[in-house]
Structures are given as C-alpha cells and as structure tokens.
Amino acid sequence: MKILLVYPEYPDTFWSFKHAIKFISKKASFPPLGLLTVAAMLPAGWQKKLVDMNMTSLSDEDIKWADYVFISAMVVQSASVKEIIARCNRLNARVVAGGPVFTTGHEEFEGVDHFVLGEAEVTLAPFLADLEKGCAKHVYISGERPEISGTPLPLWSLINIKHYSSMSFQYSRGCPFNCEFCDIVIMNGHKPRTKEKQQVVNELDALYQGGWRGSVFVVDDNFIGNKKKLKVEILPTMIEWSKKNRYPFSFYTEASINISDDEELMQLMVQAGFDRVFVGIESPNEDSLAECNKQQNQSRDLVASVKKMQNRGLEVQGGFIIGFDNDPLSIFRSQIDFIQKSGIVTAMVGLLNAPRGTRLYHRLEKENRLLEIFSGDNTDGSLNFIPKMNYETLINGYKHVLDTIYSPREYYARVRTFLKEYHPPKVRGLPRLRLYHLEAFFKTLWFLGVREKGRQYYWQLLLDTLLKHPRSFALTVSLSVFGFHFRKVAEKFTRPLINESSTLEY
C-alpha cells in the first residue's frame, strides 16, 4: 500500500511566522506532528511519503503515486484542504481525512472517502482493519479519551528537520479549565492525559539523534494541567536529560496563568531548559473574564503575574481577545496599556470568534447571533457572530490596537520593558551561535536598521541591550525579527479603517 500524507498550507497569519523564518533561511515554522505520528501508526510494510505544503508544492505525480491520500489540518487551513481534496477527486485518488478541522466539522467537506475523526489512538485501528477486509466505512468516530502512554514516536524520517525553525513533541492532552470560547476540551477533554517519563526521554532522544539542536515546542493544550506529575517525574527527568546532553534544546509551551503561583514549578521548568511560555491573558477587563469563564485569570494582578514569570527566566507570550459582550468602549485603550505595561512582546490580539461545538457557539446559536463559519484565524479581522458592540466601532478599535502595538516605537519599547524584568538563568550560559544566526543578524541590520520606517527605534534597542542586557542580545534580535513579521501581517488588516467617523475611546 502506498500512502501519501499531505499537510495543507497555512495562510499568512501571525502564527505562521512566514516573514520571520526567512531571516534564518528556514522554510516552515513547525513540522506536521500529527501526521508524522499517524504515519508511525500505519503498518510498517506500507510505503509512506509526506508532503508539507508549507515548504514544498504538491504535484499531480505525488497524488497519482498514492493508493490513499491522508490529510490532517487545523481549521485555519480549510481553504488549502478543499483545494487538495478537489485535486485528489480530479485524479481519482482516494482521500482519508482526520484532525481538528474534520473532527469539529467534517460535514463541511465533500469528496472525502473516509473520515477518521477524534483521536487516532482510538479510531485509526478500526479503519485500518476494515480497510484490509475491504469494508471501510465513511466515518469513524469515538468519544473515548484514550491514554497516550502507548502513542508511538513520530516518524521523523519522513521529513528534513533542518527545513524547520522549531521541532515539536506532545507530553499531554486536555485542559482542566472550561473557557467558553475554547474548543480544546471538545477535542481533548478536561482531564489531562500524559505520557510517561520514558516516553519523554524517547521523544527527546529521537530529536537529538536526528541532529536537531535548537527550539522545541511542547504542543500541549496546557502543559501544567497535572502539576504534581510534572514536578515529581517529568521535569526532573528533563533536567537530567538536558544536563547530560549539554542543553541542546530550548523548550517553550502553553500554560495557564496560575503557573505564576507555583515557584517550584517555574524554577524546575527553567532548569529543564524552558525559556518561553504562551499564556491566555484574554482581557484586562474583569467582566469580560467572568463572561468567558476565565476563572484562573480573575481576581489577580495579571501584570504582576506576568512579571513574576519574566523574573524567573520565562519570556511570556500572550493571547488577547477583543469582542466580548462585556467589553466597554475603553477596551481598546485598556488592551494597549496592559500589553505595553506588562512587557509581553509577542502579543497575539484577536477578535472573539465561536468555534463550532464550544459553549460560546451554542450560546450564540440560542441568541440567534451566529454568522458564517469560523475561519480559524481570529486575527484576520473576521467575526462569525453579531457582536454587542457596534460592528464598525469594534473593527476600527481592533485595527487601532494592532496598528499601535506592532508599530516600531511601541513594539521596541515593549522589548525594553521586558528586558528590565527578564532574568535568564546563568547555568546554561549563552546560546550556541550558528551560521544562520549570523546571517539573520546581518539581514536585520539591513531590513530593520536601514530599510524599515522607525529604524531609529531598532538602533536604540540594540544599543540599549548591548549596554544594559548583553546576555539577552540574541533574544533581542530574535524579538525584533518577530516584530517585523507581525507588522507585515498586521498591515493587511489595519488600513483602511471602516468609516473613520466611528467613535472610539483611544
């Protein structure tokens, strides 16, 4: 059996880092971890080929070669998914589809022969058994939440890891919280399910032996969902592994804000090699947090929580949302002020949307406020519901926030605010300097220091970093590159504004 695994193309979004990875001569940000793991679950005797359309094109010859084309994708990749399915149909290739975009809305896709939905540990084996018997069904689905202690290592041999800017591995699935707008609990449940410490070692060994040296994204929904196991087993194991191998990886992950309440946990993460964490801040407005059931963020000093993480050596990347029913007209100014004051350099600000199946989706459906299907990109300026705030006011305000926080003056000022609080661990020493780092640095001097408007703020930042925070110089350059990417993406949404006469509290 010949199996072609296809990962669809991402649009140009804040998360694609398309404009940033060009500085380091990489082709894509992250590997298709789900497809690589599914590939490892297929019979060993089958021939397998993987095409990641974010780094190479999909040819008709690739499709004609295959007996089956396996597709997995996120919602934001929907447009590319439909194009792939249409091409396969024209070439009479049989299509097998799974992953988040299909699990939450497979009815929207025509031309798929077999849907293998939910978690592959449960639904893939029955499909493969029926396929072998010649009686495969159209849809395979299960509500079971399988343990992931038996999940195999990804089949890394199918890709060239050097073409990516970061590698990935998964330690856990699920999140204990229940935010109204989030579809994580729909797909992965509330109870965190984790891998065992030997699996984690095997994951790290596989990447290390494959030649990887650099950043590794732990793709968990909420890395700290089971804090006890992390502190007792997993992080001590990662610390030992990292020390033994002289810290070849820098880790980053996603976690809830309550990580800042656990001093031991933060220290262990930093000792293991973590230097970044993405946190869903959402809003500085208490009423909006209560509306979306963001209990872990309520009744706390969010800026102080962020700074505590920064003080311990963790760069905080933040997710922010605008468009809650309880957002006042002052929310745009409040979001800008919070982001600047907190020193969250990588601030992902999106409009509220209601993914299919979420509690928000069902509430808005009952209120007859739902519109078109969610695009999967909450930073493209689209809404899939009727907001309480005047639509033009909301869109203009959102665009003003993007235009402000990503402008060179505010962005570089935010880097300086962050550096004042950030205390990187000395135990690991300086990051290893590689040739592509030097290439990237000289590119930034040209693009950010000569060609771009606001270049004076870039030079001020470099000088300030050299004088006051020399150990963070490489990080400063990296954050500057991210800023360039964010500005490029934001440019698509910030001009022109809708009806300039809209009243906003800027």
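The values are calculated or read from the model by the stated rules, or taken from the named source; none is laboratory data. Everything quoted here is computed from the prediction, not taken from an experiment. Note that we place each Cβ from the backbone using ideal geometry, even for glycine, and neighbour counts take in every protein chain shown.
When segment 84-110 is filtered for residues that are closer than 23 Å to Met187 by Cβ, in a loop (DSSP other than H, G, I, E, B) and touching a strand residue (DSSP E or B) at 6+ places or on another chain (Cβ under 6 Å), only Gly99 remains.
Go through segment 232-288 and give me each residue that's among the polar types (S, T, N, Q) and touching a residue at least 60 places away in the same chain (Cβ under 8 Å).
Our first condition is that a residue be among the polar types (S, T, N, Q); within segment 232-288, this holds for 237, 242, 245, 250, 253, 256, 258, 260, 267, 271, 283, 285, 288.
Ser250, Ser256, Gln271 - these are the residues of segment 232-288 that are among the polar types (S, T, N, Q) and touching a residue at least 60 places away in the same chain (Cβ under 8 Å).
Of the residues Glu264, Glu233, the single one that is within 21 Å of Val306 (Cβ to Cβ), more than 24 Å from the chain's Cα centre (by Cα) and assigned to a helix (DSSP H, G or I) is Glu264. Can you find a residue in segment 122-135 that is surrounded by 16 or more Cβ atoms within 10 Å (Cβ to Cβ), farther than 30 Å from Gln295 by Cβ, in the same structural domain as Ser375 (by TED's automatic domain parsing) and not acidic (Asp, Glu)? Checked against the condition, which is being surrounded by 16 or more Cβ atoms within 10 Å (Cβ to Cβ), farther than 30 Å from Gln295 by Cβ, in the same structural domain as Ser375 (by TED's automatic domain parsing) and not acidic (Asp, Glu), segment 122-135 yields no hits at all.
Taking segment 146-161 as the range and being closer than 23 Å to Thr56 by Cβ and without any contact (Cβ under 8 Å) to a residue 60 or more places away in the chain as the test, the residues that pass are Ser157, Asn160.
Counting only helices (runs of 4 or more DSSP H) that fall entirely inside segment 407-502 and contain at least 2 residues that are at pLDDT 95 or above, the qualifying elements are 408-421, 455-468, 473-494. Against the test of being of a type outside the set (Ser, Thr, Tyr) and loosely packed, with under 13 Cβ neighbours inside 10 Å, the options Glu107, Glu119 yield a single qualifying residue, Glu107. Identification of helices (runs of 4 or more DSSP H) wholly contained in segment 286-393 with 2 or more residues that are under 19 Å from Ile257 (Cα atoms), basic (Lys, Arg) and touching a helix residue (DSSP H, G or I) at 6+ places or on another chain (Cβ under 9 Å) yields 302-311. Filter segment 200-246 for residues that are surrounded by fewer than 20 Cβ atoms within 10 Å (Cβ to Cβ) and among the aromatic types (Phe, Trp, Tyr) and give the result. Hits for segment 200-246 are Tyr208, Trp212. Condition check: loosely packed, with under 14 Cβ neighbours inside 10 Å, in contact with a helix residue (DSSP H, G or I) (Cβ under 8 Å, 6 or more places away or on another chain) and within 30 Å of Asn353 (Cβ to Cβ). Does Glu180 satisfy that? No.
Selection of first residues in segment 51-67 that are part of a loop (DSSP other than H, G, I, E, B) and of second residues that are of a type in the set (S, T, N, Q), restricted to Cβ pairs under 7 Å at least 6 apart or on distinct chains, gives the following pairs, ordered by first then second residue: Met53/Ser80.
For residues that are part of a helix (DSSP H, G or I) and in contact with an Asp or Glu (Cβ under 8 Å, 6 or more places away or on another chain), tally how many sit in segment 122-159.
In the first step, residues of segment 122-159 are kept if they are part of a helix (DSSP H, G or I); the result is 122-133, 156-158.
Remaining after also requiring in contact with an Asp or Glu (Cβ under 8 Å, 6 or more places away or on another chain): 122.
Here the count works out to 1.
When each of Leu351, Leu329, Leu364 is tested for being of a type outside the set (Asp, Glu), touching a Pro at 6+ places or on another chain (Cβ under 9 Å), assigned by TED's automatic domain parsing to the domain that holds Gly376 and more than 17 Å from Asn297 (Cβ to Cβ), the lone residue that passes is Leu351. For segment 90-97, the criterion of being small (Gly, Ala, Ser) and within 23 Å of the chain's Cα centre (by Cα) is met by at least one residue. Can you find even one residue in segment 160-176 that is within 16 Å of Leu36 (Cα to Cα), over 19 Å from the mean Cα position of the chain (by Cα) and not in a strand (DSSP E or B)? The answer is yes; a qualifying residue exists.
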